[in-house]
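For reference, the structure is listed below as structure tokens.
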Amino acid sequence: MLLHTDAVQAVGKVPIDLSELPVDMLVLSGHKLHAPKGVGLLFVRKGTPFRPFLVGGHQERGRRAGTENTAGIIGLAKALSLSLANMAEENTRVKVLRDRLEAGLLASIPDSIVNGDPEHRLPNTSSIAFKFVEGEAILLMLDQYGICASSGSACTSGSLEPSHVLRAMGVPFTFAHGSIRFSLSRYTTDADVDLVLDKLPGIIETLRKMSPFSEDTVPTVACTCQ
């Protein structure tokens with residue numbers, strides 16, 4: 001049995017030693033490390049059976065077709081080097097910013113929860129769920145203030161269904177629909193966190209007033225009496 005690991009979120013954030021990690025294949029994506037978009041890496045342990053998805057010439061030892069993206073490869077290598085050099089900051093200063101963001105949002109927004117294990121997780125990522133609102137609506141309103149976040153993985157972008165992963169984790173349906181993810185980095189500042197803490201509570205309040213499921217929604221009664 002072969003073991004393939006998607007380490008896109010973990011590489012550069014937590015230590016990974018492939019000499020000890022019992023995986024046969026491992027993938028990472030450059031844009032998660034501030035490398036150019038469109039470049040990634042596939043680790044294949046020596047001796048692991050491998051069949052290419054695209055068959056081309058023999059210049060890549062039969063593993064892929066086409067010509068290498070030299071600029072992207074160099075950019076990824078440099079980004080990996082910088083991530084290794086700054087990993088301590090990711091696990092200290094960035095983690096403190098992440099925790100301050102979560103604490104502030106949970107304190108100021110009722111019916112909000114943090115998804116996942118509170119301890120065993122990445123230091124830079126926060127997945128927060130808000131009851132009776134839609135994640136896509138939150139993102140649209142955050143964008144007006146220049147705040148970038150995500151309502152799901154890239155694999156499910158465009159889907160209106162709540163994350164099947166969050167549902168499997170036991171996140172209630174009324175919360176899973178309103179889950180968004182913030183990804184912080186060593187380039188994130190205190191001012192960035194302050195902006196989210198200032199704007200997001202009002203956004204959630206506005207959206208809940210519009211939601212037909214919210215307990216705060218006042219029903220409109222139409223009267224046709226003369």
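Just so it is clear, none of the values below were taken in a lab; they were calculated from the coordinates. Values in this document were obtained by computation on a predicted structure and should not be read as measured data. Cβ atoms come from the backbone with ideal geometry, glycine included; neighbour counts cover every protein chain shown.
Points worth noting:
- Shape box of the chain [Cα atoms, principal axes, largest first, Å]: 84, 39, 33
- Segment 4-85 - Debye-derived log10 I(q)/I(0), Cα point model, q = 0.22, 0.24 Å⁻¹: -1.17, -1.26
- Calculated over segment 89-210, the projected area of the Cα convex hull averaged across directions stands at 7.2 nm².
- 10 Å Cβ shell holding at most 11 others, DSSP loop, GluC sites (Glu not before Pro): longest site-free stretch of the chain: 120-214
- Trypsin sites (Lys or Arg not before Pro) lying in DSSP loop within segment 1-53, provided at most 15 other Cβ fall within 10 Å: Lys37, Arg45, Lys46
- Exposed-site-free run, longest, the chain (rule: chymotrypsin sites (Phe, Trp or Tyr not before Pro); DSSP loop; at most 11 other C-beta within 10 Å): 54-186
- Among the listed pairs Lys32/Lys95; Lys32/Lys131; Lys46/Lys95; Lys131/Lys199; Lys95/Lys209, those beyond 26 Å (Cα-Cα): Lys32/Lys131; Lys46/Lys95; Lys95/Lys209
- Among the trypsin sites (Lys or Arg not before Pro) found in segment 47-142, those both in a DSSP coil and sparsely packed, with 13 or fewer other Cβ atoms within 10 Å of their Cβ, are Arg61.
- Formal net charge of residues neighbouring Ala191 (Cβ-Cβ distance under 13 Å; K, R +1; D, E -1): -2
- Spacing of the modelled spin labels on His164 and Ser19, each 7 Å from Cα toward Cβ, amounts to 3.9 nm.
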